[in-house]
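Below is one structure, written out as structure tokens; the observations come after it.
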Amino acid sequence: MTHGFVESWGRMGRWPHELSYLTDRSVPLTSFGQDVMALAYGNGRSYGDVCLNSDGGLWLTTGLNKFISFNQDTGCISCESGVLLKDIQSLAIPRGWILPVTPGTQLLTVGGAIANDIHGKNHHEKGSFGNHVKRIKLLKTDGSSTQCSRDLEPELFSATIGGLGLTGVIVEVDIQLARVSGPWLETEIIPYTGIAEFLSLADSSEKSWEYTVSWIDCLSGKSARGIFMRANHSHNNYGDTPGQRELKMPLTPPFSLVNKLTLKPFNYLYRRLQESKAGAHYAHYVSFFYPLDNLAGWNKMYGPRGFYQYQSVVPRHLGAEAVEVMLDEISRSGIGSFLAVLKTFGSPKPLGMLSFPEPGLTLALDFPNQGDKTLKLFDRLDVIVREAGGRLYPAKDARMSRSMFEAGYPRLNEFLAYRDAGISSAFSRRVMGY
Ligand SMILES: Cc1cc2nc3c(=O)[nH]c(=O)nc-3n(C[C@H](O)[C@H](O)[C@H](O)COP(=O)(O)OP(=O)(O)OC[C@H]3O[C@@H](n4cnc5c(N)ncnc54)[C@H](O)[C@@H]3O)c2cc1C
């Protein structure tokens, strides 16, 4: 066991932790000592404090990185929980299988994907990650281990999917992959203006396009200028996998590169560039799904104070108006970033008691940390989300209040019965009290 400073993707602080490196899934969990609560840490791709446990213990899981089996006829893969989604994609896609749900980065662990029940650009078709998990093996802090699935201990299974690491440490997983013909996608880029036009594009696209997503100019207010993107897997082979030229943010600039001076021109240029590309294209899965993974350490561009992401979902019937009001509020505040995404969630029901997705509109924006000014804006956005009956995404959160969490997650009390008494996180202490 060692001592070290650990941060999350938003880089809001490096916090002291006791660290234990897990490498053997059959060994019971190590105790950090009496009264020391601990938490599993995947690859730290959560933006806020859901993966942090200041002054407590962290079980680091990326050493649990072995594949156990892969049935190429059925597409069922078994692996340890620290395997990265990138490694599954690299193994499976050349063999005709793909992860059915994948987020905007492939540099996260399977355990982290389950604990936040992550979603991708195809929620309307495939639901969230947990919908494709067949079995989980969990280690508990009392030294026991247990298996769960839809049939075996289904309540524990449902608490663990989207369970924020609080029900035990996931060490082993079976996942059902989806068939795919190759690494290429047929894509289309369509500029839009207004939430009504966005919704009409989303509705018409979801019938025949597996992936839909849009970038939105966070300064455009109620007029909501954006770029809609849709894609399907292609049967065509457009050649060799393009070489990846890995770029790296060399250092942390002394101030955020995203600021009042840069935001407007950045947004303008990005929109004009995308508008000039309107129409049909093809894309490799890496550049379509994970455009930011090629710039290692891009999170440093927000400077030493780090950044927040604010991701909400609001139900469909009130969503359009709520998103317009939020965009108006953000545009008037003059803060935000060019990393702003608007998309829809469809009807597939998540399995997790605390899963984030629900049918509606989800808006996600990065904000440089400007202290009180940023937090006050979030308070105003919270009111809009809450009045619309929506909720915030724990994976992206570093500041939501307990009452906001309770209002958004009505199955919280049911979930609490499945918490492991030896596990706690900075997030759980803030929104659950322990
Ligand atoms: C560029 C970028 C794009 C993203 N895009 C999306 C997106 O499109 N959709 C989306 O849903 N999310 C997205 N995310 C968020 C990301 O997918 C989640 O935060 C994910 O949970 C991170 O996984 P991780 O392995 O890094 O886990 P961590 O961030 O280290 O941990 C996340 C949670 O999982 C728990 N955990 C980790 N491993 C285990 C384990 N073995 N057992 C039990 N609990 C465990 C932790 O305790 C913590 O609660 C994005 C993040 C980034 C940086």
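The values are calculated or read from the model by the stated rules, or taken from the named source; none is laboratory data. Since we're looking at a predicted model, the values are computed, not measured. Note that we place each Cβ from the backbone using ideal geometry, even for glycine, and neighbour counts take in every protein chain shown. These accessible areas exclude ligands, DNA and RNA; they are computed on the full protein's heavy atoms, side chains included. Shrake-Rupley method; radii C 1.70, N 1.55, O 1.52, S 1.80 Å.
Is it the case that ALA178 is of a type in the set (A, V, I, L, M, F, W, C), out of contact with any Lys or Arg (no Cβ under 6 Å at 6 or more places or on another chain) and farther than 25 Å from ILE77 by Cβ?
Values: of a type in the set (A, V, I, L, M, F, W, C): yes; out of contact with any Lys or Arg (no Cβ under 6 Å at 6 or more places or on another chain): yes; farther than 25 Å from ILE77 by Cβ: no.
Spelling it out, it is not the case that ALA178 is of a type in the set (A, V, I, L, M, F, W, C), out of contact with any Lys or Arg (no Cβ under 6 Å at 6 or more places or on another chain) and farther than 25 Å from ILE77 by Cβ.
Contact list please: Cβ distance under 8 Å, first residue in the range 346-360 and assigned to a loop (DSSP other than H, G, I, E, B), second residue modelled with pLDDT under 95, pairs at least six apart or on different chains.
Pairs found: PRO359/ARG316.
Checking the condition small (Gly, Ala, Ser) and more than 26 Å from THR105 (Cβ to Cβ), which residue from SER355, SER403 passes?
Details: SER355 fails: more than 26 Å from THR105 (Cβ to Cβ).
Answer to the selection: SER403.
From the list ARG429, ARG332, ARG386, exactly one residue is in a helix (DSSP H, G or I), within 16 Å of the ligand (Cβ to nearest atom) and open to solvent by 10 Å² or more (accessible area, probe 1.4 Å). Which is it?
Details: ARG332 fails: within 16 Å of the ligand (Cβ to nearest atom); ARG386 fails: within 16 Å of the ligand (Cβ to nearest atom).
Step by step, each of ARG429, ARG332, ARG386 is checked, and only ARG429 is in a helix (DSSP H, G or I), within 16 Å of the ligand (Cβ to nearest atom) and open to solvent by 10 Å² or more (accessible area, probe 1.4 Å).
Assuming ASP151 fulfils every condition listed in (1) touching a helix residue (DSSP H, G or I) at 6+ places or on another chain (Cβ under 7 Å); (2) without any contact (Cβ under 8 Å) to a residue 40 or more places away in the chain apart from one, which condition is it?
(1)
What are the pairs with Cβ atoms under 8 angstrom where one residue, in the range 292-316, is in contact (Cβ under 8 Å) with a residue 12 or more places away in the chain and the other, located anywhere, is assigned to a strand (DSSP E or B) and open to solvent by 40 Å² or more (accessible area, probe 1.4 Å)? Sequence gap at least six, or different chains.
Sorted first by the residue in the range 292-316, then by its partner, the pairs are ASN294/LEU247; LEU295/LEU247; LEU295/LYS248; ALA296/LEU247; ALA296/LYS248; GLY297/LYS248.
Among the numbered criteria (1) of a type outside the set (S, T, N, Q); (2) within 9 Å of the ligand (Cβ to nearest atom); (3) crowded, with 24+ Cβ neighbours inside 10 Å, which single criterion is violated by ARG45?
(3)
Only one residue in LEU354, LEU416, LEU375, LEU412 is modelled with pLDDT of 95 or more, among the aliphatic types (A, V, I, L, M) and surrounded by 21 or more Cβ atoms within 10 Å (Cβ to Cβ). Which one?
Of LEU354, LEU416, LEU375, LEU412, the one residue that is modelled with pLDDT of 95 or more, among the aliphatic types (A, V, I, L, M) and surrounded by 21 or more Cβ atoms within 10 Å (Cβ to Cβ) is LEU354.
Counting only residues that are within 13 Å of the ligand (Cβ to nearest atom), out of contact with any helix residue (DSSP H, G or I) (no Cβ under 9 Å at 6 or more places or on another chain) and open to solvent by 30 Å² or more (accessible area, probe 1.4 Å), how many does the range 269-294 have?
Qualifying residue count, the range 269-294: 1.
Give ALA280, ALA322 a once-over and let me know the one that is in contact with an Asp or Glu (Cβ under 6 Å, 6 or more places away or on another chain) and either of a type in the set (Gly, Ala, Ser) or closer than 27 Å to PRO183 by Cβ (or both).
Numbers: ALA322 fails: in contact with an Asp or Glu (Cβ under 6 Å, 6 or more places away or on another chain).
It is ALA280.
Is there a residue being in contact with a Ser or Thr (Cβ under 8 Å, 6 or more places away or on another chain) and farther than 30 Å from TYR418 by Cα anywhere in the range 344-352?
Within the range 344-352, the subset in contact with a Ser or Thr (Cβ under 8 Å, 6 or more places away or on another chain) is 344-345, 348, 350-352.
Now narrow it down to the ones that are farther than 30 Å from TYR418 by Cα: 344.
Yes, the range 344-352 has at least one match.
One residue is enough: does the range 166-175 have a residue meeting the conditions open to solvent by less than 50 Å² (accessible area, probe 1.4 Å), touching a Pro at 6+ places or on another chain (Cβ under 8 Å) and part of a loop (DSSP other than H, G, I, E, B)? Before the answer, list the steps.
Going residue by residue through the range 166-175, those that are open to solvent by less than 50 Å² (accessible area, probe 1.4 Å) are 166-175.
Still in the list and also touching a Pro at 6+ places or on another chain (Cβ under 8 Å): none.
No: zero hits.
Suppose the filter is open to solvent by less than 10 Å² (accessible area, probe 1.4 Å) and either at pLDDT 95 or above or touching a strand residue (DSSP E or B) at 6+ places or on another chain (Cβ under 8 Å) (or both); does VAL180 pass it?
Values: open to solvent by less than 10 Å² (accessible area, probe 1.4 Å): no; either at pLDDT 95 or above or touching a strand residue (DSSP E or B) at 6+ places or on another chain (Cβ under 8 Å) (or both): yes.
Spelling it out, it is not the case that VAL180 is open to solvent by less than 10 Å² (accessible area, probe 1.4 Å) and either at pLDDT 95 or above or touching a strand residue (DSSP E or B) at 6+ places or on another chain (Cβ under 8 Å) (or both).
On the basis of being free of Cβ contacts under 8 Å to residues at least 40 places away in the same chain, touching a strand residue (DSSP E or B) at 6+ places or on another chain (Cβ under 8 Å), open to solvent by 10 Å² or more (accessible area, probe 1.4 Å) and among the small types (Gly, Ala, Ser), does SER223 make the cut? Quick ask: steps written out before the conclusion?
On the way: free of Cβ contacts under 8 Å to residues at least 40 places away in the same chain: yes; touching a strand residue (DSSP E or B) at 6+ places or on another chain (Cβ under 8 Å): yes; open to solvent by 10 Å² or more (accessible area, probe 1.4 Å): yes; among the small types (Gly, Ala, Ser): yes.
For SER223, the condition - free of Cβ contacts under 8 Å to residues at least 40 places away in the same chain, touching a strand residue (DSSP E or B) at 6+ places or on another chain (Cβ under 8 Å), open to solvent by 10 Å² or more (accessible area, probe 1.4 Å) and among the small types (Gly, Ala, Ser) - is met.
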